[in-house]
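One structure is given below, encoded as structure tokens.
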Amino acid sequence: MLRACLLVAVSVVASAADAQVTLTKGTNFSVDVASDGRLAFDLLGKIWVLPPSGGEAQAITDGTLPARRPKWAPDSGAVVFQARAGNQWQLWLYRFADEAASNISDGEFFDRHPSWHPDGDRIVYASDRRVTGFDLWELDLATGLTWRISDLSGDETEPAWSTDGRDLVYIHRNDNKWSLMLRRRGQPDRVIETSSTPLMAPSWRPDRSLITFLRENDAGLAIDMVILSDPPIIRPLIAGEDFFIAPVSWMNRQQMLYAANGLIRTRLFDSWTSSSVPFQATVFRKKAPRPVAVRQRKLPVIDEPSGQLVIRTARLFDGVGSGYREGLDVVIEGSRISAVEEPRDRPGAIVVDMGDVTTLPGFIDGQASLPADLDESLGPVLLSFGVTTVVTDHARAAEFNTLWSGKNMPGPRVLGDDWQLNRDWLSTETLGVDSLPTSPRGFRYEDAQLANGADAITRLSGLADSRTRGLTALLGSRQATLLRNYPTAIRRFIDKPRLEAQSSAIVVGSGPNGFAPGLALHAELRALSEAGLEEAYVLRSTGIHAASALGLGLQAGRIAPGSSADLVLVDGDPLHNIDDALKIVGVVRNGRFFSTIGLIERVKRQESVE
């Protein structure tokens, strides 16, 4: 796909500290037209309303909760949309009479893709509330009652009723197959089209004669249509634009609206060309441009051991190169690496010869969630997962950093609230289909540049959920047996983004995924690999990229002289299979070697005493 960056001009008013910015383009937004001609679209996490002919857009939500996919009520008196609170998308309803939005989801479920029934009394949407995949549900607004209207294997998403309420169209995904499904009143569901590449965003023409939908192909996305003849006929409708993933919205049977190329586009059904509906959305940029350089910091030295320790393995990944370095000793003086060199006799040194094992830099978790009632025994558990540094806002971070730096109760380095990743240049959003900084073709329009700057932005990973590949094996690992009373991770995504294979702008942050600490980091590594990131870059995301985001430079995330002596020893080949990163046989933390078996036994002994 085309990867590029459009440089566009924005008008700036007021002071540099609190600048008023007028946006005329957006990235990955959706648009919907009301029966009275007004338009609703989402931009920078807000829902905006626009006059029929375009012009000045007015925000109806404040952006506190990122909002997406607005849909007008049939009488134009309300807009339903999805908003993200914490790790879940839920349904919200804005009523113009009340000038307020309210949450209409039932419980803490993952609800998405809301749409109206033509009677205006019901909302149809996709939800995973039965934890067996997404099904289609309906909500009666007057009573709050909900009921399920589909139950297929896999996921049913993006429902849309025909204008007379008789027929329903939706997308069904099962394994790696997408189907466009049609339900006629009184008839069983029917497959209209099946594809091995994604089908998305179906929409009805008002006269019910055809359905439009998005199809992914080698050139990107295109809008196709299904003419509902007998049999149905599928034809291409619009191609060659940077389409955003959202349904076409019909003003009438001839005129349609859609989002593409950073703009709201309008087109007549029988036309070969499109035009734009102009908009101006005024926002405030409350901070000056972010600094170019990250503030450099120095790690404190706590309980540094004496003497020399040598780690000897068959190969090592230094965290910087693209492959292994063979047959080298890692020489440690105190808590730092002093040399990486050819093996030789070292009188007086403690030599740990691990044989055919791979050495990696210690794993850094850039946003870890530690339990409020944190117990000291969690330290060895985290080390058994190879986690040697965590960043957390836990109130007792400094206390546990000191405790876990010693040999009696070892654990990771704990960097507290003052070490939170640099908010001036790191996105606080985690990765996901709705938070990607570029359009499907790789463009960043004005809103993305305002939020992220003109350069590539570093993002926390946050991709793992209950559908992450290899999760069963991860939960069955010997380290996972040490974890008790942690909640089970939930479904957080319908579809996850595909990442560039060699992206250097990702830092592992396990907090959003809901797994127990330690296990959560490995779930992120597997999710990043599943999304297409090469294994070397996956390891860097928990190594040098995380260290750079923390301002640590050469002090962590790599195996080199001067770096902290934090190492992970694995019996496997993680540069070719990231799952091998869990095959940990030993860890070096703060210059001390701990075997994984010893760490596990230490925890079990403490549990038996308690």
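Which GluC sites (Glu not before Pro) in region 288-395 sit in a loop by DSSP (not H, G, I, E or B) and have at most 14 other Cβ atoms within 10 Å of their own Cβ?
Glu376
Rounded to the nearest 500, what is the 222 nm mean residue ellipticity of the chain from helices alone, with -39500 (n - 2.57) per DSSP H run of 4+ residues and division by all residues?
After summing the helix terms and dividing by the residues of the chain, the value is -3000 deg cm²/dmol.
Rounded, prolate or oblate: which fits region 242-394, taking a ≥ b ≥ c as square roots of the Cα gyration tensor eigenvalues, rounded meaning a/c under 1.5, else prolate when a/b beats b/c?
It comes out prolate by the Cα gyration axes.
Starting from the Cα-Cα distance between Asn252 and Tyr486, subtract it from 0.36 nm times their residue separation and give me the gain in nm to one decimal.
Roughly 79.0 nm would be gained on extension.
Of Lys25/Lys71; Lys46/Lys71; Lys583/Lys604; Lys46/Lys496; Lys25/Lys46; Lys46/Lys177, which sit over 25 Å apart, Cα to Cα?
Lys46/Lys177
For region 81-273, what relative contact order do you get, as a whole percent, if you take Cα pairs closer than 8 Å and at least 6 residues apart?
10
Please give, to one decimal in nm, the separation of the simple spin-label points placed at Asp140 and Thr64, each 7 Å out from Cα toward the Cβ.
For the pair Asp140/Thr64, the computed spacing is 3.1 nm.
Give the calculated FRET efficiency between Ser306 and Glu376 to the nearest 0.05, with a Förster radius of 41 Å applied to their Cβ-Cβ distance.
Using R0 = 41 Å, I get an efficiency of 0.95.
For region 475-561, which trypsin sites (Lys or Arg not before Pro) are both in a DSSP coil and crowded by at most 10 other Cβ atoms within 10 Å?
Arg484
Using only the Cα atoms of region 466-610, build the gyration tensor, take square roots of its eigenvalues as a ≥ b ≥ c, and label the shape rounded, prolate or oblate: rounded if a/c is under 1.5, else prolate if a/b is larger than b/c, else oblate.
Oblate.
R0 = 35 Å: FRET efficiency of Ala339 with Glu399, Cβ-based, nearest 0.05?
About 0.55, to the nearest 0.05.
At a threshold of 8 angstrom on Cα-Cα distance, excluding pairs fewer than six apart, so keeping six or more, what relative contact order does the chain reach in percent?
13
Using the alpha-carbon centroid of each, what span in Å lies between region 173-213 and region 120-169?
So the separation of the two Cα centres works out to 15 Å.
Assuming 0.36 nm per residue, please report the length gained on full extension of the stretch Asp75 to Arg190 beyond their Cα-Cα distance.
Value of the extension gain: 38.4 nm.
Determine the relative contact order of region 72-182: mean sequence separation of Cα pairs under 8 Å and six or more apart, normalised by residue count, in whole percent.
16
At a Förster radius of 41 Å, what calculated FRET efficiency corresponds to the Cβ-Cβ distance of Asn176 and Ala314, to the nearest 0.05?
Result of the calculation: an efficiency of 0.65.
With each label point set 7 Å from Cα along the Cα-Cβ vector, what nm distance links Asp417 and Phe284?
With each label placed 7 Å out from Cα toward Cβ, I get 2.5 nm.
As a test of the definition: which semi-axes, in Å, follow for the chain when you take the square root of five times each eigenvalue of its alpha carbon gyration tensor? Largest first, please.
49, 25, 22
Please report the Cα spread of region 293-381 along all three principal axes, rounded to whole Å, starting with the longest.
47, 32, 30
At most 12 other Cβ atoms within 10 Å and a DSSP loop assignment: could you name the trypsin sites (Lys or Arg not before Pro) in region 109-216 that fit?
Arg130, Arg185
Work out the charge dipole of the chain with +1 on the Cβ of Lys and Arg and -1 on the Cβ of Asp and Glu about the Cα centre, then indicate which of Ser477, Pro51, Asn408 is farthest towards its positive end.
Pro51
Using the basic label-point model (7 angstrom from Cα toward the beta carbon), what is the Asp207 to Asp36 distance in nanometres?
My value for the distance between the label points is 2.8 nm.
According to the square roots a ≥ b ≥ c of the eigenvalues of the Cα gyration tensor, what is the shape class of region 340-391, taking rounded for a/c under 1.5, prolate for a/b larger than b/c otherwise, and oblate for the remainder?
prolate
Each value in this text was obtained by applying a stated rule to the coordinates, not by laboratory testing. Only a predicted model underlies this, so the values are computations on that prediction, with no experimental measurement involved. We place every Cβ from the backbone using ideal geometry, glycine too, and count neighbours over all the protein chains shown.
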